[in-house]
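*Asks:* Sharing a structure here in structure tokens format.
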């Protein structure tokens with residue numbers, strides 16, 4: 001019997017009883033030490049991973065948890081740190097990390113703005129005069145932690161290079177290709193190290209693909225992902241989109257990745273229509289986002305089964321991955337009070 005894979009794009013970081021928020025506030029108010037904060041938040045992270053394992057999820061996300069913001073995590077890992085907070089050649093301290101997010105007595109915090117059309121706000125990367133260098137591979141750390149301490153061979157999740165840089169500010173966007181070229185080697189190193197560590201799947205989030213892009217930007221996607229593909233001779237790369245349908249479907253399905261993640265919830269039916277019209281590559285997995293990741297209501301299983309049956313007429317069952325349409329970041333862990 002052919003098994004359909006299940007996947008999750010990201011888990012709520014808040015904790016079942018809002019433990020994440022409480023731990024952070026206690027730390028900021030000097031009520032707990034850094035070691036206690038790290039211990040408590042590790043407990044939240046492990047509880048989330050174990051729950052997904054118990055529920056039988058095949059591709060469990062790692063590196064989706066953060067102490068403040070996943071975009072900020074990537075920025076500090078790349079050394080994209082505003083100069084008002086200092087110069088760094090190694091991974092930043094927790095104090096500096098929170099200073100960037102919240103400010104301190106001598107430096108204002110980095111700007112926050114909405115993550116696409118959600119209520120989540122991310123820390124905007126400040127890209128002016130940046131010379132990026134890989135100070136920390138947080139995705140690798142998260143992958144090894146889950147594998148070695150929990151026996152979970154997780155799926156590292158990383159914001160992809162085009163989305164990350166398009167969401168930044170301060171760089172010369174007229175020379176966007178040159179900016180991207182600075183970061184591609186860092187992404188390649190992250191992926192190479194994950195591949196060498198045994199990661200079987202790596203998810204690169206590119207929700208910017210659900211917006212309008214110029215032809216040269218789409219061409220840049222092809223060039224960048226051709227390079228990233230070479231960094232993972234063993235791992236499968238998932239190009240993940242969400243929040244809406246993609247405009248340039250025909251170009252996107254030709255990109256050199258192993259799986260394409262599409263939103264079948266907030267797409268107004270367009271994702272299915274495009275597959276019906278243009279087909280889907282036989283050599284790729286379709287990561288079908290058929291569960292709403294942005295509300296708390298239970299999905300209608302019969303309806304979802306019917307939707308899957310339609311997809312299996314278009315894509316081989318063994319090439320379908322069932323998953324939410326977006327990260328579950330946007331919902332509480334439970335409806336219980």
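*Asks:* Restricting to the range 142-173, count the residues that are farther than 17 Å from residue 186 by Cβ, touching a helix residue (DSSP H, G or I) at 6+ places or on another chain (Cβ under 9 Å), at pLDDT below 95 and in a loop (DSSP other than H, G, I, E, B).
*Replies:* 1
*Asks:* Can residue 188 be described as under 25 Å from residue 229 (Cα atoms), surrounded by fewer than 20 Cβ atoms within 10 Å (Cβ to Cβ) and touching a helix residue (DSSP H, G or I) at 6+ places or on another chain (Cβ under 8 Å)?
*Replies:* Working: under 25 Å from residue 229 (Cα atoms): yes; surrounded by fewer than 20 Cβ atoms within 10 Å (Cβ to Cβ): yes; touching a helix residue (DSSP H, G or I) at 6+ places or on another chain (Cβ under 8 Å): yes.
It is true that residue 188 is under 25 Å from residue 229 (Cα atoms), surrounded by fewer than 20 Cβ atoms within 10 Å (Cβ to Cβ) and touching a helix residue (DSSP H, G or I) at 6+ places or on another chain (Cβ under 8 Å).
*Asks:* Can you pull out every residue in the range 250-296 that is buried (at least 20 other Cβ atoms within 10 Å of the Cβ) and either over 20 Å from the mean Cα position of the chain (by Cα) or assigned to a helix (DSSP H, G or I) (or both)?
*Replies:* Correct list: 252, 271, 274, 275, 280.
*Asks:* Residues 204, 228: which one is surrounded by 20 or more Cβ atoms within 10 Å (Cβ to Cβ), modelled with pLDDT of 95 or more and not in a helix (DSSP H, G or I)? Before the answer, list the steps.
*Replies:* Values: 228 fails: not in a helix (DSSP H, G or I).
Matching residue, one of 204, 228: 204.
*Asks:* Would you please name the residue that is surrounded by the fewest Cβ atoms within 10 Å (Cβ to Cβ), looking only at residues in the range 78-88 that are within 25 Å of residue 33 (Cα to Cα) and touching a residue at least 12 places away in the same chain (Cβ under 8 Å)?
*Replies:* Looking at the filtered set, the residue picked out is 88.
*Asks:* If you don't mind, there's one more thing I want to ask. If you check 176, 183, which single one turns out to be assigned to a helix (DSSP H, G or I) and either on the phi > 0 side of the Ramachandran plot or buried (at least 18 other Cβ atoms within 10 Å of the Cβ) (or both)?
*Replies:* Every option except 183 fails the conditions.
*Asks:* Examine the range 311-328 for a residue that is in contact with a strand residue (DSSP E or B) (Cβ under 7 Å, 6 or more places away or on another chain), surrounded by fewer than 18 Cβ atoms within 10 Å (Cβ to Cβ) and either touching a residue at least 40 places away in the same chain (Cβ under 8 Å) or part of a helix (DSSP H, G or I) (or both), and state whether such a residue exists.
*Replies:* Yes - at least one qualifying residue is present in the range 311-328.
*Asks:* Looking only at the range 99-141, count how many residues are touching a residue at least 24 places away in the same chain (Cβ under 8 Å), farther than 26 Å from residue 191 by Cα, in contact with a helix residue (DSSP H, G or I) (Cβ under 7 Å, 6 or more places away or on another chain) and surrounded by fewer than 21 Cβ atoms within 10 Å (Cβ to Cβ).
*Replies:* Summing the residues that are touching a residue at least 24 places away in the same chain (Cβ under 8 Å), farther than 26 Å from residue 191 by Cα, in contact with a helix residue (DSSP H, G or I) (Cβ under 7 Å, 6 or more places away or on another chain) and surrounded by fewer than 21 Cβ atoms within 10 Å (Cβ to Cβ) in the range 99-141 gives 4.
*Asks:* Also, quick follow-up: Checking residue 92 against (1) part of a helix (DSSP H, G or I); (2) touching a helix residue (DSSP H, G or I) at 6+ places or on another chain (Cβ under 8 Å), which test does it fail?
*Replies:* (1)
*Asks:* Further question on the same structure: Does residue 41 qualify as being under 28 Å from residue 321 (Cα atoms) and either in contact with a helix residue (DSSP H, G or I) (Cβ under 9 Å, 6 or more places away or on another chain) or at pLDDT below 95 (or both)? Before you say what the answer is, go through the steps one by one.
*Replies:* Values: under 28 Å from residue 321 (Cα atoms): no; either in contact with a helix residue (DSSP H, G or I) (Cβ under 9 Å, 6 or more places away or on another chain) or at pLDDT below 95 (or both): yes.
Criteria not met by residue 41.
*Asks:* Looking at the range 142-152 only, could you name the residues that are touching a residue at least 12 places away in the same chain (Cβ under 8 Å) and surrounded by fewer than 17 Cβ atoms within 10 Å (Cβ to Cβ)?
*Replies:* We begin by selecting, within the range 142-152, every residue touching a residue at least 12 places away in the same chain (Cβ under 8 Å); these are 142-147, 149-150, 152.
Answer for the range 142-152, where residues must be touching a residue at least 12 places away in the same chain (Cβ under 8 Å) and surrounded by fewer than 17 Cβ atoms within 10 Å (Cβ to Cβ): 147, 149, 150.
The values are calculated or read from the model by the stated rules, or taken from the named source; none is laboratory data. Since this is a predicted model, take the numbers as computed values, not measurements. Heads up, the Cβs are rebuilt from the backbone with ideal geometry, glycines too, and the neighbour counts pull from every protein chain shown.
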